[in-house]
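Heads up, the thing below is written out as structure tokens.
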């Protein structure tokens, strides 16, 4: 059956591409980085119909695929099953939370499923940081939106995927958080030390590094 649910494709730089889906009144971003040895797919969306356009795109770039689950939430992992035996990277806690929360996430959010949804757990987990020097890709723990949240930095093109550590819109720049405010502040401050030109998130638009200070200012304004 033909997939009629097509994303908007946004090319950030030469090797960074975002597949943006419109889900009722919110957007969902899947991010691809075309590395030298591996291609990185950051989050897999709502099922096979999310993954399919990404996989079709990558047929033109035959490097093996590494999938990154930025955190355990359903809208970021339901397409994992479409990636078969690919390496799936996540924080150690992310694998655990996917395991224990899978059934409840399906039950509460099944109306958002797009195509086949299968549990395909991360098979390469870490606690602090992973670095792939051949591809200049750094993946590191950045708790905030969730305790298991990770971020991905392309050091070659200076593009940071901060997932849901930025709110869903510029009007709601502070995300919901499952950690203490001070922990989130420290994560945002750690971003400020990076060489970043563009930031990709799970649901917002592509923004610049000025968003880090905007988030801190908003936290101060709200007394958080």
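Just so you know, all these numbers are worked out from the coordinates, no wet-lab data involved. All values reported here derive from a predicted model rather than from experimental measurement. Note: ideal-geometry Cβ built from the backbone for every residue, glycine included; neighbour counts use all protein chains shown.
Structural remarks
- The chain: antiparallel DSSP beta bridges as a percent of all, rounded to 5: 65
- Average Cα contact separation per residue, segment 84-210, under 8 Å, 6 or more apart, as relative contact order %: 20
- Applying 1/(1 + (r/R0)^6) with r as the Cβ-Cβ distance of residue 5 and residue 127 and R0 = 41 angstrom yields a FRET efficiency of 0.70.
- Annotation: peptides 135-142, 23-30, ranked by per-residue average of other Cβ atoms within 10 Å with the highest first, follow the order 135-142, 23-30.
- Using just its DSSP H runs of length 4 or more, each adding -39500 (n - 2.57), the chain gives a mean residue ellipticity at 222 nm of -7500 deg cm²/dmol after division by all residues.
- Segment 58-115: relative contact order in percent, alpha carbon pairs under 8 Å with at least 6 residues between: 37
- The Rg/Rh ratio for segment 127-224, using Cα coordinates for both the radius of gyration and the Kirkwood hydrodynamic radius, is 0.95.
- Values of log10 I(q)/I(0) for segment 8-221 across q = 0.11, 0.18 Å⁻¹ run -0.46, -1.38, by the Debye formula with one identical scatterer at each alpha carbon and no solvent.
- Relative contact order (%) - the chain, alpha-carbon pairs under 8 angstrom, separation at least six: 15
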